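Trainee: Below is a structure I'd like to ask you about.
The values are calculated or read from the model by the stated rules, or taken from the named source; none is laboratory data. Treat the numbers as computed from the prediction; the structure is a model and nothing was measured. All Cβ positions, even for glycine, are placed from backbone atoms using ideal geometry, and neighbour counts span all protein chains on display. Heads up: the accessible areas ignore ligands, DNA and RNA and are worked out on the full protein's heavy atoms, side chains in. Shrake-Rupley method; radii C 1.70, N 1.55, O 1.52, S 1.80 Å.
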Amino acid sequence: MPAPVPSSLPLTLLQEVFGYSAFRGEQAAIVDHVCAGGDALVLMPTGGGKSLCYQVPAIARHRQGHGVAIVVSPLIALMHDQVGALEEAGVHAAFLNSSLSSEEAQHVERELMSGRLTLLYAAPERITTPRFLAQLTHLQEKGLLSLFAIDEAHCVSQWGHDFRSEYLALSTLHERFPEVPRIALTATADELTRADIIERLALQDARVFISSFDRPNIRYAIVEKEKPREQLLRFIQDEHEDEAGIVYCQSRKKVEETAAWLTGEGIRALPYHAGLDADLRMRHQDRFLREEGLVMVATIAFGMGIDKPDVRFVAHLDLPKNIEAYYQETGRAGRDGEPADAWMAYGLADVVNQRRMIDESPAGEEFKKIQRGKLDALLALAEATDCRRVRLLAYFDETYCDPQGRPLQQCGFCDNCLHPPATWDGTEAARKLLSCIYRFHQNGGQRFGAGHLIDVLRGKMSDKVAQYGHQHLSTWAIGADLSEAQWRGVLRQLVALGHVFAEGEYSTLALADSARRVLRGEVSIRLRVATQAPKRGKVSRSGGTAAKGAPVDLEPAALARFELLKAWRAEVAREHSLPAYVIFQNVTLAEMARQRPQTLDELGQISGVGAKKLEAYGREILRVLDAS
Ligand code: ADP
Ligand code: ZN
């Protein structure tokens, strides 16, 4: 007979199996609730520690005779590593997906039906097949179906950016197995998506756990695009040499070009996008996970579920489509809690492109309206002159607070806090620019793009100026006091604010209704002074909540031990065909190198060393440490 989970068991398991001393944040409450058989919806940022929220209850309930936990995950390519990590920790887990031979699949099914498995990972399309549902029913009749964990639950929502129609069928789990507890997890927190998840997965009675979305170790920076590739290269060379990072680009072509260019500049970079042959894509992903210090240049096809802990930066060369996407993508940096950078280069063309993509999409007006609102929020973040973190969190309805719960206006760890940008009163400049567009319109109804507009404002003669006689316009040369770059900045900010829009193949400019109020002087406009981003150097360890034990902090002898431990780990990882961090994370190795434990007992005290790993690797580690 299954027994209830004793209240002390989860913490014991956390320490024994995973080698961690305490739950973080909401984890303890979530684990207790699920262990007791409750349903839960968990909203936690990437890197917050969602996996343990279902793994610990799964292990606890299995020990108490409740049977197997089924984990729904859309990420077939990553199941192997996730299961490998659990087995390394001594937890019997398996996956079922199309990569298995029929013999392998049969073996897993036997393990499943026997009740020996603690966790089974499977893709949603597998779970809702008649065959699999029949197996689940069979387990349920034997009382051996302990838990459903639905990972990446935002995939059920069309508002999320990763909608998967197979997720819709998961409502059947609740209909067929109403007594089996369910935990749904996501890092996407906005209202619409949340409501959608609850409705579509029938989680109305689930307890909702919302964690703080702050990622204190991530430094946010958004710079103005000048020569984006060179800016990116400088950023990587100055601040992240030989470190792992992800560079997001919008198009496949740009991914290829950027990866090739970085490689030519001596950065080890690989491309990843949905247009690459599946084998090659898989190989690149594997290399990124297994090797150190690689840069992945990718479209948004890359990243969901990538749990590599030591990604030191995420760079955007193009604007994502909204803050949710930006937050998810940047959230892939610094899961290990060590300082990491979220860096984006952003310019006029980004604003224009994103607006155009919405306008030209076949979606209905209502949908477009929501999308436009979401884009506007992201543009406001990009143009902001105040703290990025405060704004990001406000977007997720969270007030940024100090540990005593007092609201804060500044984080001290984003570009705007570290180097407050100067602003200027751009009202007059904005009026000049808007009236110039207005004159074009009056003068024959023709529309023009940014280049011509700026030429006219600055009084720069060109063939086009002559052709249209624009040197005779009243707005000719009224803006000679500003440079071309400054005018681009003014225009970008006006487009971002929605006073000007750009349309068609040539991105010609037109006035929005709201421009009238600016022209009449009823709205004043404060603009960022375009500045050369100051050189910043490595992320400082004093900022954020940099965890102790970072490799760079080691004194020389400890650093040498750390390198030996890494070499040893690389061997083991190769033998087990798993990524190195699945064996031990860098922070754990660094702590070993620093403390230099002499006994298995001492080694077992280090965070990240569970009982199984101590048994399997303890002696070898002591030997490596001894030899150094
Ligand atoms: P998420 O799935 O929410 O993005 P993960 O479950 O991958 O996050 O956890 C992020 C990192 O934090 C992992 O390296 C994990 O081992 C670590 N971690 C999670 N919970 C704890 C904890 N209670 N103590 C120490 N480390 C933890
Ligand atoms: Zn800040």
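Trainee: So, in segment 584-605, how many residues would count as being over 18 Å from Leu52 (Cβ atoms) and either within 16 Å of ligand 2 (Cβ to nearest atom) or among the hydrophobic types (A, V, I, L, M, F, W, C) (or both)?
Mentor: Step one: filter segment 584-605 for residues over 18 Å from Leu52 (Cβ atoms), giving 586, 589-605.
Next, from what is left, pick out any that are either within 16 Å of ligand 2 (Cβ to nearest atom) or among the hydrophobic types (A, V, I, L, M, F, W, C) (or both): 589-590, 592-593, 600, 603.
So the answer is 6.
Trainee: Looking only at segment 290-346, how many residues end up being in a loop (DSSP other than H, G, I, E, B) and among the hydrophobic types (A, V, I, L, M, F, W, C)? Give the steps one after another, and end with the answer.
Mentor: First, the residues of segment 290-346 that are in a loop (DSSP other than H, G, I, E, B): 291-294, 299-312, 317-322, 331-339.
From what's left, among the hydrophobic types (A, V, I, L, M, F, W, C): 294, 300-302, 304, 306, 311, 317, 319, 333.
Final tally of qualifying residues: 10.
Trainee: When you look at Leu378, is it outside the structural domain of Glu292 (by TED's automatic domain parsing) and hydrophobic (A, V, I, L, M, F, W, C), yes or no? So that I can check it myself, show each step before the final result.
Mentor: Numbers: outside the structural domain of Glu292 (by TED's automatic domain parsing): yes; hydrophobic (A, V, I, L, M, F, W, C): yes.
So Leu378 fits the description; yes.
Trainee: I would also like to ask the following. Pick from Cys436, Cys417, Cys411: which is within 42 Å of the chain's Cα centre (by Cα), within 16 Å of ligand 2 (Cβ to nearest atom) and assigned to a helix (DSSP H, G or I)? Talk me through it step by step, then tell me what you get.
Mentor: Details: Cys436 fails: within 16 Å of ligand 2 (Cβ to nearest atom); Cys411 fails: assigned to a helix (DSSP H, G or I).
That would be Cys417, the only listed residue that is within 42 Å of the chain's Cα centre (by Cα), within 16 Å of ligand 2 (Cβ to nearest atom) and assigned to a helix (DSSP H, G or I).
Trainee: Return the pairs, sorted by first residue and then second, in which the second residue is within 16 Å of ligand 2 (Cβ to nearest atom), the first residue lies in segment 15-29 and is on the phi > 0 side of the Ramachandran plot, the beta carbons are less than 9 Å apart, and the residues are 6+ apart or on different chains.
Mentor: Taking only residues 6 or more apart or on different chains, the pairs are Gly25/Ser212.
Trainee: Inspect segment 278-289 for any residue being at pLDDT 95 or above, in a strand (DSSP E or B) and within 25 Å of Ala85 (Cβ to Cβ) and give the result as yes or no.
Mentor: There is no residue in segment 278-289 that is at pLDDT 95 or above, in a strand (DSSP E or B) and within 25 Å of Ala85 (Cβ to Cβ).
Trainee: If Tyr20 satisfies all but one of (1) within 12 Å of ligand 1 (Cβ to nearest atom); (2) assigned to a helix (DSSP H, G or I), what's the number of the condition it fails?
Mentor: (2)
Residue-by-condition table, conditions (1) closer than 19 Å to Asp307 by Cα; (2) touching a Phe, Trp or Tyr at 6+ places or on another chain (Cβ under 8 Å); (3) not assigned by TED's automatic domain parsing to the domain that holds Thr172:
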residue	(1), (2), (3)
His92	no, no, no
Ser99	no, no, no
Gln106	no, no, no
Arg116	no, no, no
Leu120	yes, yes, no
Ile127	no, no, no
Leu133	no, no, no
Leu145	no, yes, no
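Trainee: Another question about this same structure. So if I check each of Gly405, Gly445, Gly373, Gly451, which one is within 20 Å of Glu503 (Cβ to Cβ), away from ligand 2 (no atom under 16 Å from the Cβ), in a loop (DSSP other than H, G, I, E, B) and open to solvent by 30 Å² or more (accessible area, probe 1.4 Å)? If you could, list the steps in order and put the result at the bottom.
Mentor: Details: Gly405 fails: within 20 Å of Glu503 (Cβ to Cβ); Gly373 fails: in a loop (DSSP other than H, G, I, E, B); Gly451 fails: in a loop (DSSP other than H, G, I, E, B).
Residue meeting the stated conditions: Gly445.
Each row is one residue, and each column tells you yes or no for (1) farther than 29 Å from Leu319 by Cα; (2) surrounded by 20 or more Cβ atoms within 10 Å (Cβ to Cβ).
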site	(1), (2)
Ala430	no, yes
Ile437	no, yes
Gly469	yes, no
Thr475	yes, yes
Gln486	no, no
Leu491	no, yes
Leu497	no, yes
Val500	no, yes
Gly504	no, no
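Trainee: Does any residue of segment 43-51 turn out to be farther than 30 Å from Glu329 by Cβ and at pLDDT 95 or above?
Mentor: Narrowing segment 43-51 to residues farther than 30 Å from Glu329 by Cβ: none.
Taking every residue of segment 43-51 in turn, none turns out to be farther than 30 Å from Glu329 by Cβ and at pLDDT 95 or above.
Trainee: Could you list all residues from segment 167-206 that are basic (Lys, Arg) and either touching a His at 6+ places or on another chain (Cβ under 6 Å) or crowded, with 23+ Cβ neighbours inside 10 Å (or both)?
Mentor: Restricting attention to segment 167-206, the residues satisfying the condition of being basic (Lys, Arg) are 176, 182, 194, 200.
Arg182 - this is the single residue of segment 167-206 that is basic (Lys, Arg) and either touching a His at 6+ places or on another chain (Cβ under 6 Å) or crowded, with 23+ Cβ neighbours inside 10 Å (or both).
Trainee: Which residue out of Arg406, Arg332, Arg372, Arg388 is charged (D, E, K, R) and touching a Phe, Trp or Tyr at 6+ places or on another chain (Cβ under 8 Å)? Walk me through it before giving the result.
Mentor: On the way: Arg406 fails: touching a Phe, Trp or Tyr at 6+ places or on another chain (Cβ under 8 Å); Arg332 fails: touching a Phe, Trp or Tyr at 6+ places or on another chain (Cβ under 8 Å); Arg372 fails: touching a Phe, Trp or Tyr at 6+ places or on another chain (Cβ under 8 Å).
Of the residues listed, the single one that is charged (D, E, K, R) and touching a Phe, Trp or Tyr at 6+ places or on another chain (Cβ under 8 Å) is Arg388.
Trainee: From the set of residues in segment 274-294 that are within 20 Å of Ala567 (Cα to Cα) and within 19 Å of the chain's Cα centre (by Cα), which is most open to solvent (accessible area, probe 1.4 Å)?
Mentor: Let us first name the residues in segment 274-294 that are within 20 Å of Ala567 (Cα to Cα), namely 286-294.
Then keep just the ones that are within 19 Å of the chain's Cα centre (by Cα); that gives 286, 288-289, 293-294.
Details: Asp286: 53, Phe288: 1, Leu289: 4, Gly293: 14, Leu294: 4 Å².
My answer is Asp286.
Trainee: Out of the residues in segment 232-255 meeting the condition of being in contact (Cβ under 8 Å) with a residue 40 or more places away in the chain and open to solvent by 20 Å² or more (accessible area, probe 1.4 Å), tell me which one is nearest to Lys321 (Cα to Cα). Break it down stepwise before answering.
Mentor: We begin by selecting, within segment 232-255, every residue in contact (Cβ under 8 Å) with a residue 40 or more places away in the chain; these are 232, 235-236, 238-240, 242-252, 254-255.
Now drop any that are not open to solvent by 20 Å² or more (accessible area, probe 1.4 Å), which leaves 238, 242-243, 250-252, 254.
On the way: Asp238: 28, Asp242: 29, Glu243: 27, Gln250: 10, Ser251: 13, Arg252: 16, Lys254: 17 Å.
That would be Gln250.
Trainee: Then there's this: Run Thr399 past the list (1) more than 21 Å from the chain's Cα centre (by Cα); (2) open to solvent by 20 Å² or more (accessible area, probe 1.4 Å) and report the number of the one that doesn't hold.
Mentor: Among (1) more than 21 Å from the chain's Cα centre (by Cα); (2) open to solvent by 20 Å² or more (accessible area, probe 1.4 Å), the lone unmet condition for Thr399 is (1).
Condition check ((1) over 27 Å from Ile59 (Cβ atoms); (2) over 25 Å from the mean Cα position of the chain (by Cα)) across all residues:
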| residue | (1), (2) |
| --- | --- |
| Arg126 | no, yes |
| Phe148 | no, no |
| His154 | no, no |
| Leu168 | yes, no |
| Arg176 | no, yes |
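Trainee: If I ask for residues that are part of a helix (DSSP H, G or I) and surrounded by fewer than 22 Cβ atoms within 10 Å (Cβ to Cβ), which ones from segment 259-273 would you list? Don't jump to the end; show me each part of the working.
Mentor: From segment 259-273, those part of a helix (DSSP H, G or I) are 259-264; that's our starting set.
Residues satisfying the conditions are Ala260, Trp261, Leu262, Thr263, Gly264.
Trainee: Ok, one more. Among Ala36, Ala105, Ala93, which is closer than 19 Å to Ile183 by Cβ, more than 23 Å from the chain's Cα centre (by Cα) and open to solvent by less than 30 Å² (accessible area, probe 1.4 Å)?
Mentor: Numbers: Ala36 fails: open to solvent by less than 30 Å² (accessible area, probe 1.4 Å); Ala105 fails: closer than 19 Å to Ile183 by Cβ.
That would be Ala93, the only listed residue that is closer than 19 Å to Ile183 by Cβ, more than 23 Å from the chain's Cα centre (by Cα) and open to solvent by less than 30 Å² (accessible area, probe 1.4 Å).
Trainee: Considering each of Arg219, Arg215 in turn, give the residue that is within 16 Å of ligand 2 (Cβ to nearest atom), within 28 Å of Ala394 (Cα to Cα), among the basic types (Lys, Arg) and at pLDDT 95 or above. Working first, answer last.
Mentor: On the way: Arg215 fails: at pLDDT 95 or above.
Residue meeting the stated conditions: Arg219.
Trainee: Which residues, taken from segment 332-359, are within 13 Å of ligand 1 (Cβ to nearest atom) and in contact with a Gly (Cβ under 6 Å, 6 or more places away or on another chain)? Give the derivation first.
Mentor: Just the residues of segment 332-359 that are within 13 Å of ligand 1 (Cβ to nearest atom), to begin with: 332-338, 340.
Scanning segment 332-359 gives Arg332, Arg335, Ala340.
Trainee: Out of (1) open to solvent by less than 40 Å² (accessible area, probe 1.4 Å); (2) without any contact (Cβ under 8 Å) to a residue 40 or more places away in the chain, what's the single condition that is false for Leu393?
Mentor: For Leu393, the exception is condition (2).
Trainee: Just to be sure, is Arg61 away from ligand 1 (no atom under 11 Å from the Cβ) and either basic (Lys, Arg) or assigned to a strand (DSSP E or B) (or both)?
Mentor: Working: away from ligand 1 (no atom under 11 Å from the Cβ): yes; either basic (Lys, Arg) or assigned to a strand (DSSP E or B) (or both): yes.
Spelling it out, Arg61 is indeed away from ligand 1 (no atom under 11 Å from the Cβ) and either basic (Lys, Arg) or assigned to a strand (DSSP E or B) (or both).
Trainee: Restricting to segment 456-482, give me the number of residues that are within 30 Å of Thr423 (Cβ to Cβ) and free of Cβ contacts under 8 Å to residues at least 12 places away in the same chain.
Mentor: So the first thing to find is which residues in segment 456-482 are within 30 Å of Thr423 (Cβ to Cβ), and the list is 456-460, 473-482.
Then keep just the ones that are free of Cβ contacts under 8 Å to residues at least 12 places away in the same chain; that gives 460, 481.
Total satisfying the criteria: 2.
Trainee: Select from segment 3-14 the residues that are surrounded by fewer than 16 Cβ atoms within 10 Å (Cβ to Cβ) and either without any contact (Cβ under 8 Å) to a residue 60 or more places away in the chain or touching a Leu at 6+ places or on another chain (Cβ under 9 Å) (or both) and write down the one among them that is farthest from Pro181 (Cα to Cα). Show your work before the answer.
Mentor: Filtering segment 3-14 for residues surrounded by fewer than 16 Cβ atoms within 10 Å (Cβ to Cβ) gives 3-4, 6-8, 12.
Then keep just the ones that are either without any contact (Cβ under 8 Å) to a residue 60 or more places away in the chain or touching a Leu at 6+ places or on another chain (Cβ under 9 Å) (or both); that gives 6-8, 12.
Details: Pro6: 17, Ser7: 18, Ser8: 20, Thr12: 22 Å.
Ranking the candidates gives Thr12 first.
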